[in-house]
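Coordinate-derived values only; no laboratory data. Note that this is a predicted model, so its numbers are computed, not measured. Counting neighbours? That spans all protein chains shown, and the Cβs are built from the backbone with ideal geometry, glycine included.
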């Protein structure tokens, strides 16, 4: 039901991706905020423009054409505030993942303790680790200096020592790094964040002040066994934003319009995922993956506790080449429904990385792109999982924990031509277990709503309630092993009008039970012995499900998915899975 | 609605300006408006082979805070191996203790009881790379040189550069280069080869000491070897079995035998670095225009297809769709009707899969 907000703010949300700049317009429609239009254009933060506002102007011109609303004036500037005639904007929020990965160097005392905390401080940001220093470092000081020079760090993150605890060893390490920083090219003064022993804050500022812009935060490890990441992450976020304002042309002007901030996209998305995880609808947590051109982020949240992980340099565009380095090539080809030799896959990924904005032109090209997307998600998950809570409930430690909701975003998933393909990529790449709602984010709403929540939480909540995300349906994923063809579960779907469908889903199959948007049904899952759908091995359960997207997708392929060894069989099976969901 | 497509330069003649920058601050030794040849040194600096951290306080036997007053060298001073950096007289002034430089080089910084010494065996000399006129001197950092010539941009480079006469390995723009075809007489030349997927051929090129390689398509498996090769490698079209596009091949064939500068920098979109082959040419009277940058895609523009069955084909834009159209992948995208060169006909290509050729 619409809520009377009494507000009439027109809101523009902008996201600068490394390949694409997106503009989303929100306004009050029938007393509640709604997404009223979106548009995109290539990002122009890099050469030859070196000015992100050029691409933004194109996106806004497109937005005006789509919505019929004027948001820029004759001088191509944002019209603020909105006039009584409905032209212009009241609020602008901006997010960005554009720009080269920030080169980060970590310093800590013990590799498994403070250095690990330093790594967790930067783990949710677009920072690429170029080196790390600790007491476990076997290099001599001379070598450490040469290593710093070779690494050319833009950001130093220093942790170590409990408050009032160790100091000399950390000071010695930082002294070496400080000396090395004298040798960095002029104009490349690093930024430094110190989040260690509070007693050393002044000393650190003194030691590093000549070679770096130093910020301090509360100790990430103030006492043994107690880690507080929040203050250091907040400070890092500000350092990162400041760095981006310096690096990317047009950002300073835009930040002025956007309340002084251009929030990192992953951070904004994480904020939205945290919000979702507090809703009663998602008691088992929310997982979001955003596969971008140059970066991939994973946000997992349980009851407001967010774990955000970013893999800078890994993506399906500019970051495609890096995906090759992470695993054997068969981790990509196994998702293809046809034979493709390793060299062709490598060529595809390398060409994608040099022409990141290109799009698939035929079905086989699309399967390649989506195979790469699955692989990128799996690689990003490998980084994200170790930082999740140890006792997260799930079927088995090596499998994905239970999640009530999974959201897929980014260019590859958002661009999937049919909802079934987006659902299939999420099921293949993440291999969830139990009952999970699947959403896709074709309009890149998650970061927009996250950023909007900072300045207008009501608007963010209302747009969320308007169900602007693409709801793909409910997935029932069975964990267990069986013989091909053997029934894994009996599924019964009873709609409110009594319409009933029952199906025995064989092991290895994907089955779709359509349920139209707006309809509700009672879903009864009866796994056979040896299989579980979230209630225990062989234990059945019933739940109410809302119709949307494909309806109910039953994934009886087991966890983890096992592929036939023979390539022809594997390809035929993958084609079958595609047909089952792509045609749904 | 205009569309911002990327631009690739395959330019037969243009006025070109190129920054030549030192990796570290140093000395520029040319003047504005001075003419330079490709091999001329325009700036120099000192690049360290390695660094030494000298514990001055410990060598002198004093606390850290007292070591600085014993320094006899200042930051930036040249030092010889064994030369004192700091000296302290011992008790009663009868002896001396010294902290000495471990190598020939420079004292980078000395503070807090430590000294950082950069070991330098020889100065780093920055050459002009191209013949032309110095139009800007960037104090202590480098110069901007202006010349006229042909420009061929690529998509990947291995981070090296060199100048030499350009030579084609075949009359076929897509001919694969194999080890058995590598000739000794290619020594000292910048080679242009259609495709290269033979690791032995790459090794052989290093053995015969060619000065550089421009390749239309590089086999992906050769990427690590190409990266490690001690000569510049430029990939023009992309990875895999794709030869040169017709305009690129025409540029290469019309300039075969001419001195060329292969600057195979690793591409960096944010730093504005693109690997390229530049062939200096005399200007016919009035200076030609600089290459166009950042234009929107429009009718009559020359374009190259970046993806799909027509990859590498060149053509002319006939029309741009205002609204998205359905393509065979199932995506709905804005597309252009492109009349491909030759008898290849007219095809619809998503705008995102086109680059403007200039």
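Applying Stokes-Einstein at 10 °C and 1.306 mPa s to the Kirkwood radius of the range A:422-511, computed over alpha-carbon pairs, gives a translational diffusion coefficient of 100 µm² s⁻¹.
Largest mean-square fluctuation among B:187, B:302, B:332, in a Gaussian network model of chain B whose springs join Cα atoms under 10 Å apart, belongs to B:332.
For the range A:361-457, the Stokes-Einstein estimate of translational diffusion at 4 °C and a viscosity of 1.567 mPa s comes to 87 µm²/s, using the Kirkwood hydrodynamic radius over alpha-carbon pairs. Peptide B:304-313 is shielded by partner chain Cβ atoms: per residue, an average of 3 of them sit within 10 Å of its Cβ.
Taking every alpha-carbon pair in the range B:302-357 and binning the separations at 10 Å intervals from zero gives 27, 59, 14 percent. Here the range A:86-126 is scanned for amide nitrogen atoms under 17 Å from the site 7 Å beyond the Cα of residue A:234 along Cα-to-Cβ, giving A:121-122.
If I model the range A:11-96 as equal point scatterers sitting on the Cα atoms and use the Debye formula, what is log10 I(q)/I(0) at q = 0.14 Å⁻¹? The Debye formula, applied to the Cα set alone, gives -0.44. For the segment B:328-338, counting C-beta atoms of other chains within 10 Å of every residue's C-beta and taking the mean gives 4. What separates the Cα centres of the range A:250-265 and the range B:278-353 is a distance of 34 Å. Legend: ranking of residues B:104, A:15 from fewest to most surrounding C-beta atoms inside 10 Å; resulting order B:104, A:15.
Over the range B:1-56, the reciprocal of the mean inverse Cα-Cα separation, the Kirkwood hydrodynamic radius, stands at 16.3 Å. For the range A:11-96, the share of DSSP beta bridges that are antiparallel, to the nearest 5, is 75%. When the alpha carbon gyration tensor of the range B:73-219 is reduced to an equivalent ellipsoid, the three semi-axes, largest first, read 51, 21, 12 Å.
Largest GNM mean-square fluctuation among B:125, B:185, B:153, using chain B with Cα springs under 10 Å: B:185.
The C-alpha atoms of chain A define a longest principal axis, and helix A:230-247 lies at about 80 degrees to it. Could you tell me how many degrees, from 0 to 90 and to the nearest 10, lie between the Cα long axis of helix A:567-582 and the main elongation axis, the longest principal axis, of the Cα atoms of chain A? That helix lies at roughly 80 degrees to the long axis. Comparing B:96, B:323, B:258 in a Gaussian network model of chain B (Cα springs below 10 Å), the most mobile by mean-square fluctuation is B:96. Would you please classify the overall shape of the range B:32-72 from the alpha carbon gyration tensor, given that a ≥ b ≥ c denote the square roots of the eigenvalues, rounded means a/c under 1.5, and beyond that prolate means a/b larger than b/c while oblate covers the rest? Here the range B:32-72 falls in the prolate category.
Averaging the Cα positions of each part gives two centres, and for the range B:192-207 and the range B:231-261 these lie 14 Å apart.
Estimated from helices alone, the mean residue ellipticity of chain A at 222 nm is -10000 deg cm²/dmol (sum of -39500 (n - 2.57) over DSSP H runs with n ≥ 4, per residue).
Based on the alpha-carbon gyration tensor of the protein assembly as shown and its eigenvalue square roots a ≥ b ≥ c, which shape applies: rounded if a/c is under 1.5, prolate if not and a/b is larger than b/c, or oblate? Because a/c hits 1.5 or more and a/b fails to exceed b/c, the protein assembly as shown counts as oblate. Restricting attention to chain B, close to 80% of DSSP beta bridges with both partner residues there are antiparallel.
Between the beta carbons of residue A:226 and residue A:580, assuming R0 = 51 Å, the FRET efficiency works out to 0.55 to the nearest 0.05.
Along each principal axis, taking the top coordinate minus the bottom one, the Cα set of the range A:437-584 gives 54, 41, 29 Å in descending order. For the listed peptides A:536-549, A:394-407, A:478-491, A:420-433, a ranking on the average number of other beta carbons within 10 Å per residue, highest first, reads A:420-433, A:394-407, A:478-491, A:536-549.
For peptide A:148-155, the mean count of partner chain Cβ atoms within 10 Å of a residue's Cβ comes to 1.
If R0 is 41 Å, the Cβ-Cβ spacing of residue B:273 and residue A:303 corresponds to a FRET efficiency of close to 0.30. Quarter the surface of the alpha carbon convex hull of the range A:102-247 and you get the mean projected area, 7.5 square nanometres. Most simply put, chain A has about 60% antiparallel DSSP beta bridges, counting only bridges with both residues inside it.
Spin-label model, residue A:539/residue B:179: points 7 Å from Cα along the beta carbon direction are separated by 6.4 nm. Oblate is the label for the range A:266-582, because the ratio a/c of its alpha-carbon gyration tensor axes (a ≥ b ≥ c) is 1.5 or higher and a/b is not greater than b/c. Distance between the modelled labels on residue B:299 and residue A:66, one decimal in nanometres: 2.6 nm (7 Å Cα→Cβ projection). Rounded to the nearest 0.05, the FRET efficiency derived from the C-beta distance between residue A:517 and residue A:338 at R0 = 35 Å is 0.55. With neighbour counts taken as other beta-carbon atoms within 10 Å, the residues A:392, B:311, A:500 rank, fewest first, as A:500, A:392, B:311. Note on B:184, B:292: ascending count of other Cβ atoms within 10 Å places them as B:184, B:292, the fewest first. For the range A:11-26 versus the range A:503-521, the spacing of their alpha-carbon centroids is 35 Å. Highest-first packing order for the peptide set B:203-213, A:336-346, A:435-445 is A:435-445, B:203-213, A:336-346, based on the mean count of other beta carbon atoms within 10 Å.
Taken over the range A:61-164, the alpha-carbon convex hull comes to 174 cubic angstrom per residue.
Computed with the Debye formula from one identical point scatterer per Cα of chain B, without solvent, the log10 of I(q)/I(0) at q = 0.15 Å⁻¹ comes to -1.22. For the range B:222-309, the convex hull spanned by the alpha carbon atoms encloses 177 Å³ per residue. Sorting the segments B:276-289, A:113-126 by their residues' average number of neighbouring beta-carbon atoms within 10 angstrom, most packed first, yields A:113-126, B:276-289.
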